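The values are calculated or read from the model by the stated rules, or taken from the named source; none is laboratory data. On a predicted model such as this, the values are computed, not experimentally measured, just so you know. Cβ coordinates were reconstructed from backbone atoms using ideal geometry, including for glycine residues, and neighbour counts include every protein chain displayed.
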Amino acid sequence: MAEVERERMEYDVVVVGAGPAGLAAAIRLKQLAAAAGSELGVCVIEKGSEVGAHILSGAVFEPRALNELLPDWRERGAPLNTPAVEDRFLYLTANRALRLPTPPQMHNHGNYIISLGNLCRWLAKEAEELGVEIYPGFAAAEVLYDEDGRVRGVATGDMGIGRDGEPTERYTPGVELIARETLFAEGCRGSLTKTLIERFGLREGTDPQTYAIGVKELWEVAPEHHQPGLVVHTIGWPLDKGTYGGSFLYHLEDRQVAVGFVIGLDYKNPFLSPFEEFQRFKTHPAIRDFFAGGRRISYGARALNEGGFQSIPRLDFPGGALVGCAAGFINVPKIKGSHTAMKSGMVAAETVFARLGGDANATVRDALQRSWIWDELYRVRNIRPSFRLGLWGGLLYSALDTYVLRGRAPWTLHHHPDHTQLIPASEAPRIQYPRPDGQISFDRLSSVFISNTNHEEDQPPHLRLRDPAKAIAINYRLYDSPEQRYCPAGVYEIVEEAGTGEKRLQINAQNCVHCKTCDIKDPEQNIDWVVPEGGGGPNYPNM
Ligand SMILES: Cc1cc2nc3c(=O)[nH]c(=O)nc-3n(C[C@H](O)[C@H](O)[C@H](O)COP(=O)(O)OP(=O)(O)OC[C@H]3O[C@@H](n4cnc5c(N)ncnc54)[C@H](O)[C@@H]3O)c2cc1C
Ligand code: SF4
C-alpha cells in the first residue's frame, strides 16, 4: 500500500482515554491554565462511539477527588443522585446467607451509587465548557516517538482497512496528534500503555500487575424489591475457597440495580467460567428475589487492577505519563478506583503543567507520593495478596492487618503474575454449570446482544495471536482452551474442521466487549488485544 500522508493536529497535551482519569486530568489542566492566564491546547481522544460507551464500573463512588476538582459539582448537576445508606456484607453457602460485620474499608457512608459512564458524560461536558477538545470514536493505535525516543503524541488508527489488510472504499488515514506531553489514561491493561511499559521498562523493580474480571448487569427491578442506597457485597458460594472473588449489588435511582461478580484472574482451574459463576450466583435463594418481576437492561464486562501499591509502575517517561487504571490505583478492599483514577489524573495534570512551564524535574511519581493516594494504597497493600492463604486465611489476615497492625506491618506481601497460575486441565476438576433459565440467568450470546456491541466486520482482527500454533498445541492440549470460558463474550470457540475433524480456534472478534481479559490471562501471553477501528466495541448506556 502506498504511503499516505496523515493529517496532523498539534496540542500542548493529548490525553488518551475519556474515563475518570483522563477527563479529570484535562479539566485540571484547563483550570491551571485559566488561573495562570495562559493558553493551553488540550485534546482527549476516546475509542468508544461516545464518552461513556466503554465505561463499565460498579459503582459506589467516593467523591473525595471530585470535591477537590469541582467543589460545586452539586450545583453543576453532577449525576450523583443516590447516597449510599446501608451496607450489607454476606457470606453465602449454597443455600444460606450469613451476615458478617462490614469491614471498615467497605463502609460507604458519604459515598454515592452512580453510573460511572454517566459521570464521565457529565465530566466531558464540563471539560468542553473549559475548552478541552474531545474526540470520541477515535482509537489511539500507535505511539509516536521522535528521533531521541521521546513520546511526541499518538496516531489514531486508519479507518477502512479490510480484513486482508488492504484499503477499502471507506479508507481514511489516521490522524497524528502531536503533543508536548501525552497522558495515557486508557484504563486497565491499556493497549498502548502495555507497549510503553515494555519500551521504557516501567515495571522494573515493582511487582507484576495483577487483575480481576468483573462481569456486570444492570436491571430494572420490581418496586417492592428496590431499596435506593442499599449496597450488598457477598463472598463465598459459588466460588471454591481457593478462588478470590465476590459479588456486588448496588441499588441506584429509577428502580435500577447494578449487579456484578468479580473474580481474581489468579484463579487456577481452567474450567472456571467467570460468566457462568455470575449467572449461578444470581440464582442463590438470598439473591434471586431481588430480580423477580424485573427486567435485565444491559450487560458488560471489564478487567480491573488488583496489584495495588506494590504494583504501581514508574509513571513518567520522556514526553508523558501514565494515569488512572492504566497504571493501577484501585484500592481493592474498598473495591474502588474511580476516586484514585481521578486524583492521579489531577496530580499528573499539575505535574505536566509544571513541566510545560519549565520545571523539567517535576515527576508524576513524586507528586503522587505526596498525595493521599499513596497513603491510602500503602495501608491496604497486604490485604489482596493475603488471600493466597484461601478465603478464611485471607479474612483472618485482613482483620489482623486492619485492626491490629493498622496497615503498618513491617513487611509487604508480593504478587505473582496471573497468567502463570492455571493448572493443567488433566489435574483440574471439571465444573458443571446449570443451564440458564432465561429469567434470572442467561447465556452469553443473549448477554452480548444487550451490550450493544458492534464492530465493522471488514477490518483486520484486533485480537492477534503472536504464535497461532500455540492455540491448539498449548492452550487446547494443556488447558482445554480456557479462553472459551474466561472470555465473557463468547469470542473464542474451538471448532472442528469439516472433513478432517481437526480442532481449530475460531475468533469471533465482532463480539468483543473490550474487557482485556484474554490479553491478561492467556497462559502463554500469546494474545495481543489491539484497538479495532475507532467507535467499535460495546455501547453501554449507563454502566
Ligand atoms: C466490575 C467493576 C466494578 C467496579 N466498581 C467500582 C466501584 O464501585 N467504585 C469505584 O470507585 N471503582 C470501581 N471500579 C474501578 C473503576 O471503574 C476504575 O478504577 C476506573 O474506571 C478507572 O478509570 P480510568 O479513567 O483509569 O479508566 P477507564 O474507566 O477504564 O477509562 C478508560 C477510557 O479510555 C478509553 N481508551 C482505552 N484505550 C484507548 C485508546 N487506545 N484510544 C482511545 N481511547 C481509549 C476507554 O474506552 C475508556 O473510555 C470497578 C471496576 C470494575 C471493572
Ligand atoms: S476477546 Fe478478550 S477482550 Fe474481548 S471480550 Fe473476550 S476476553 Fe474480553
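May I ask you to verify whether Ile373 is surrounded by 15 or more Cβ atoms within 10 Å (Cβ to Cβ), touching a helix residue (DSSP H, G or I) at 6+ places or on another chain (Cβ under 8 Å) and of a type in the set (A, V, I, L, M)? Yes; evaluated as a whole, the condition is true for this residue. Scanning the range 476-499 for residues that are more than 19 Å from the chain's Cα centre (by Cα), closer than 21 Å to Phe442 by Cα and either hydroxyl-bearing (Ser, Thr, Tyr) or away from ligand 2 (no atom under 16 Å from the Cβ) (or both) yields a count of 1.
Answer yes or no as to whether Glu217 is touching a strand residue (DSSP E or B) at 6+ places or on another chain (Cβ under 8 Å) and more than 28 Å from Pro460 (Cβ to Cβ). Against the criterion (touching a strand residue (DSSP E or B) at 6+ places or on another chain (Cβ under 8 Å) and more than 28 Å from Pro460 (Cβ to Cβ)), Glu217 qualifies. Checking the range 263-284 against the condition returns a match, with at least one residue being farther than 13 Å from Ile440 by Cα, assigned to a strand (DSSP E or B), within 14 Å of ligand 1 (Cβ to nearest atom) and in contact with a strand residue (DSSP E or B) (Cβ under 7 Å, 6 or more places away or on another chain). Filtered by the rule that a residue be outside any loop (DSSP other than H, G, I, E, B) and either charged (D, E, K, R) or out of contact with any strand residue (DSSP E or B) (no Cβ under 8 Å at 6 or more places or on another chain) (or both), the range 285-298 gives Arg288, Asp289, Arg295, Arg296. Against the condition surrounded by fewer than 24 Cβ atoms within 10 Å (Cβ to Cβ) and touching a helix residue (DSSP H, G or I) at 6+ places or on another chain (Cβ under 6 Å), how does Pro333 come out, does it pass? The answer is yes for Pro333. Meeting the requirement of 1 or more residues that are within 16 Å of ligand 2 (Cβ to nearest atom) and crowded, with 21+ Cβ neighbours inside 10 Å, the strands (runs of 3 or more DSSP E) wholly within the range 147-246 are 211-220.
Pairing each residue of the range 128-155 that is at positive phi with any residue that is modelled with pLDDT of 95 or more and of a type in the set (Gly, Ala, Ser), provided the two are 6+ apart or on different chains, yields C-beta distances under 6 Å for Gly137/Ser49; Gly153/Ala179.
Output the residue which, of all residues in the range 499-543 that are within 14 Å of ligand 1 (Cβ to nearest atom) and under 17 Å from Pro274 (Cα atoms), is surrounded by the most Cβ atoms within 10 Å (Cβ to Cβ). Only one residue fits best here, namely Thr517. Scanning the range 318-334 for residues that are in contact with a strand residue (DSSP E or B) (Cβ under 7 Å, 6 or more places away or on another chain) and closer than 16 Å to Ser57 by Cβ, we see that the one that is nearest to ligand 1 (Cβ to nearest atom) is Cys325.
Out of the range 369-424, which residues are of a type in the set (S, T, N, Q), in contact with a Pro (Cβ under 8 Å, 6 or more places away or on another chain) and modelled with pLDDT of 95 or more? Result: Thr420, single match.
Here is a check on your reading of the model: is Pro313 closer than 22 Å to Gly205 by Cβ, away from ligand 2 (no atom under 16 Å from the Cβ), modelled with pLDDT under 95 and assigned to a loop (DSSP other than H, G, I, E, B)? Taking the combined requirement at face value, the residue does not satisfy it. Taking (1) at pLDDT 95 or above; (2) under 26 Å from Arg203 (Cβ atoms); (3) surrounded by 14 or more Cβ atoms within 10 Å (Cβ to Cβ) in turn, Phe442 satisfies each apart from (2).
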